[in-house]
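Quick one: structure below, then a few questions.
The values are calculated or read from the model by the stated rules, or taken from the named source; none is laboratory data. Everything numeric in this text was worked out from a predicted model, so none of it was measured. Cβ atoms come from the backbone with ideal geometry, glycine included; neighbour counts cover every protein chain shown.
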Amino acid sequence: MTVRLGGVELGSGRPKICVPLTGATLRELAAEAEAVTVAVADLVELRIDRLADAGSLRAVQDAVDLLGVALDPALPVLLTFRTASEGGAAGLEPGRYRDLLLAAAARSGVHAVDVQMALPEDVVLAVVDGVHDIGKPVVLSFHDFRSTPTRDEILARLVRQQELGADIVKLACMPASTDDVLTLLGATSDYAARPGARPAITMAMGPLGVVSRLAGETFGSALTFGTVGAASAPGQVDAGALRAALDLIHEAQPA
């Protein structure tokens, strides 16, 4: 199964590259957007939790509208508010999180929305349904910055994300050993082999996990994150070097 974000198709070909934009001000975001080109990126992630006024709808709308001017129009925008509990820069009460994401999702410059599955289920379902009503896809995500769940637990979380209505499933975890990286890759492969599986985004974070950001086409991850400037999570690598590595792996795949 494939999913389209603007003109970008996830779930086919080599994994797509997403560059996070993390500026706190419109000036910083404009500078970041100017540095991102279609030569290295397929889409961008607007991290609205990094904005100086992260809980303000007006601030979020201004940021989205800026990217509509500053970005190459071929680069879709994934809107993300990553809460502090999952490595983000701000906290937000669940009801405000819901309302902010639903209002921002209606902006024409937003092509998809990330929703954290660990939030209360009624909030998750309200955002998923509301974004779908607008006609845009949802990434349901889970982040564990302390450890790596078991292979069965990772698979179960990805399956649950799909059951909750995700168009794209996502899980990131922190490995303590190479075995943890293999656990994440194995669970990704398990999920991708399921009938009706959605495009998946998985990664092991930190230096040990860099290989997981490169091996998506082999194991079933449809997107990876690369940097043009500051990283938004541990283990992200330069987007230009990442594209070269992904292209090399893609060319080696059997026809």
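Going through segment 137-154 one residue at a time, which ones are touching a helix residue (DSSP H, G or I) at 6+ places or on another chain (Cβ under 9 Å) and of a type in the set (D, E, K, R)?
ASP144, ARG151, ASP152, GLU153
Of all residues in segment 134-153 being surrounded by 14 or more Cβ atoms within 10 Å (Cβ to Cβ) and charged (D, E, K, R), which is nearest to ASP122 (Cα to Cα)? Spell out how you get there, then give the answer.
First, the residues of segment 134-153 that are surrounded by 14 or more Cβ atoms within 10 Å (Cβ to Cβ): 136-145, 148-149, 151, 153.
If we keep only those that are charged (D, E, K, R) as well, we get 136, 144, 151, 153.
Values: LYS136: 19, ASP144: 22, ARG151: 27, GLU153: 22 Å.
In this case the residue turns out to be LYS136.
Return the residues of segment 81-136 that are in contact with a helix residue (DSSP H, G or I) (Cβ under 6 Å, 6 or more places away or on another chain) and aromatic (Phe, Trp, Tyr); say none if nothing qualifies.
PHE81
Let me ask something else. Determine, yes or no, whether LEU171 is under 19 Å from GLY88 (Cα atoms), modelled with pLDDT of 95 or more and either crowded, with 19+ Cβ neighbours inside 10 Å or not hydroxyl-bearing (Ser, Thr, Tyr) (or both). Even if it seems obvious, please write down each step before you answer.
Details: under 19 Å from GLY88 (Cα atoms): yes; modelled with pLDDT of 95 or more: yes; either crowded, with 19+ Cβ neighbours inside 10 Å or not hydroxyl-bearing (Ser, Thr, Tyr) (or both): yes.
Yes, satisfied.
Something else now. How about segment 61-105: which of its residues are touching a His at 6+ places or on another chain (Cβ under 7 Å) and of a type in the set (Gly, Ala, Ser)?
GLY87
Here's something else I'd like to know. Across segment 71-98, what is the number of residues that are assigned to a loop (DSSP other than H, G, I, E, B) and either in contact with a Lys or Arg (Cβ under 8 Å, 6 or more places away or on another chain) or in contact (Cβ under 8 Å) with a residue 12 or more places away in the chain (or both)?
Of the residues in segment 71-98, the ones assigned to a loop (DSSP other than H, G, I, E, B) are 71-76, 81-82, 87-89, 91-93.
Next cut, either in contact with a Lys or Arg (Cβ under 8 Å, 6 or more places away or on another chain) or in contact (Cβ under 8 Å) with a residue 12 or more places away in the chain (or both) only: 71-72, 74-76, 81-82, 87-89, 92.
Matching residues across segment 71-98 total 11.
Give the residues of segment 99-118 that are in a loop (DSSP other than H, G, I, E, B) and farther than 21 Å from PHE142 by Cβ, sorted by residue number.
The answer is ALA106, ARG107, SER108, GLY109, VAL110, HIS111.
On the basis of being in contact (Cβ under 8 Å) with a residue 40 or more places away in the chain, in a loop (DSSP other than H, G, I, E, B) and surrounded by fewer than 16 Cβ atoms within 10 Å (Cβ to Cβ), does ALA52 make the cut? Steps first, answer last, please.
On the way: in contact (Cβ under 8 Å) with a residue 40 or more places away in the chain: no; in a loop (DSSP other than H, G, I, E, B): yes; surrounded by fewer than 16 Cβ atoms within 10 Å (Cβ to Cβ): yes.
Answer is no for this residue.
Separate question: Among the listed residues ALA187, ALA222, ALA204, identify the single one that is among the small types (Gly, Ala, Ser), closer than 30 Å to ASP99 by Cβ, touching a Leu at 6+ places or on another chain (Cβ under 6 Å) and touching a residue at least 24 places away in the same chain (Cβ under 8 Å).
Values: ALA187 fails: closer than 30 Å to ASP99 by Cβ; ALA204 fails: closer than 30 Å to ASP99 by Cβ.
Residue meeting the stated conditions: ALA222.
How about segment 4-29: which of its residues are under 14 Å from ASP62 (Cβ atoms) and either part of a helix (DSSP H, G or I) or among the charged types (D, E, K, R) (or both)? Show your work before the answer.
Just the residues of segment 4-29 that are under 14 Å from ASP62 (Cβ atoms), to begin with: 21, 23-29.
Result: LEU26, ARG27, GLU28, LEU29.
Select, from ALA197, ALA166, ALA193, the only residue that is surrounded by fewer than 19 Cβ atoms within 10 Å (Cβ to Cβ) and either closer than 24 Å to VAL124 by Cα or at pLDDT below 95 (or both).
The conditions single out ALA197.
Name the single residue, out of those in segment 208-255 being among the polar types (S, T, N, Q) and at pLDDT 90 or above, that is farthest from the chain's Cα centre (by Cα).
Taking segment 208-255 and keeping what is among the polar types (S, T, N, Q), we get 212, 218, 221, 224, 227, 232, 236, 253.
Adding the requirement that they be at pLDDT 90 or above leaves 212, 218, 221, 224.
Details: SER212: 15, THR218: 19, SER221: 11, THR224: 8 Å.
Only one residue tops the list, namely THR218.
Taking the residues in segment 13-25 that are within 17 Å of ALA215 (Cβ to Cβ) and more than 14 Å from the chain's Cα centre (by Cα) as candidates, determine which candidate is surrounded by the most Cβ atoms within 10 Å (Cβ to Cβ).
Narrowing segment 13-25 to residues within 17 Å of ALA215 (Cβ to Cβ): 13-18.
Filter again for more than 14 Å from the chain's Cα centre (by Cα), leaving 13-14.
On the way: GLY13: 13, ARG14: 18.
Only one residue fits best here, namely ARG14.
To continue, here is another question. Go through segment 43-78 and give me each residue that's under 15 Å from GLY226 (Cα atoms) and either in contact with a helix residue (DSSP H, G or I) (Cβ under 9 Å, 6 or more places away or on another chain) or at pLDDT below 95 (or both).
VAL44, LEU46, LEU75, VAL77
Search segment 128-140 for residues that are assigned to a helix (DSSP H, G or I) and pair each with any residue that is of a type in the set (Phe, Trp, Tyr) when their beta-carbon atoms are under 8 Å apart and the residues are at least 6 apart or on different chains.
Listed by first residue and then by second, the contacts come to nothing, as the list is empty.
ASP62 is checked against (1) over 20 Å from GLN236 (Cα atoms); (2) in contact with a strand residue (DSSP E or B) (Cβ under 9 Å, 6 or more places away or on another chain); (3) acidic (Asp, Glu) and fails just one. What number does that condition carry?
Answer for ASP62: the failing condition is (2).
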